[in-house]
Amino acid sequence: MNQRPFRSRVSIACVLATAALVAPLAACSHSTPRSVTAFCNTLAQQKQQFLSEYDTSGQDPLQGFVTGMSSLGEIPVIFDRLDKVAPPDIEPDVAAVRDSFKQQLGSVSGMASNPLGGLIGGIASSLTAAGPFQRVSDYVTANCPDPSSQP
């Protein structure tokens, strides 16, 4: 009897089993840690990128308005990035702020067909997210020093 095909199948099975066990560990090792430092660094990076991309100084008022309006879609993206690194104690609030911005953008886009519904939806979203907005703001103030205010 030829033992080679059996050994070959066993070897392949061992390799596949090992890969299945190691792959999740490898995936976890490349994720950004949830920490105050990661959150504050991401915030500083996103703030700098946003300000450099959407700076309206030197633009005429109409162009500044257009630039400002086009920047609104970037805000949920920024909060999504912050949510991925937010420490567990603030993560639910960061997610709520992100979701609120997404919902408000959806309300704005729906205002053309239903202005009153869009307005009411935007107000409701703002009211339900007031607590998370305040907690994220307080967290940033307490934990993330503003580099521009330091000597």
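The values are calculated or read from the model by the stated rules, or taken from the named source; none is laboratory data. Here the structure is a predicted model, which is why all the values come from computation and not from measurement. All Cβ positions, glycine included, derive from the backbone under ideal geometry; neighbour counts span all protein chains shown.
Checking each residue in segment 42-65 for being without any contact (Cβ under 8 Å) to a residue 24 or more places away in the chain, of a type in the set (Ser, Thr, Tyr) and part of a helix (DSSP H, G or I) picks out only Ser52. Pro87 meets each of the listed conditions (1) buried (at least 16 other Cβ atoms within 10 Å of the Cβ); (2) in a helix (DSSP H, G or I); (3) not hydrophobic (A, V, I, L, M, F, W, C) apart from (2). Leu127 fulfils the conditions (1) part of a helix (DSSP H, G or I); (2) at pLDDT 85 or above except for a single criterion, (2).
Whenever a residue of segment 66-92 is within 23 Å of Thr141 (Cα to Cα), its partners that are in a helix (DSSP H, G or I) and of a type in the set (Ser, Thr, Tyr), lying with C-beta atoms within less than 7 angstrom and at least six residues away or across chains, give the pairs Arg81/Thr42; Leu82/Thr42; Val85/Thr42; Ile90/Tyr139. When residues in segment 58-77 are screened for being crowded, with 16+ Cβ neighbours inside 10 Å and either of a type in the set (D, E, K, R) or modelled with pLDDT of 95 or more (or both), 0 of them pass.
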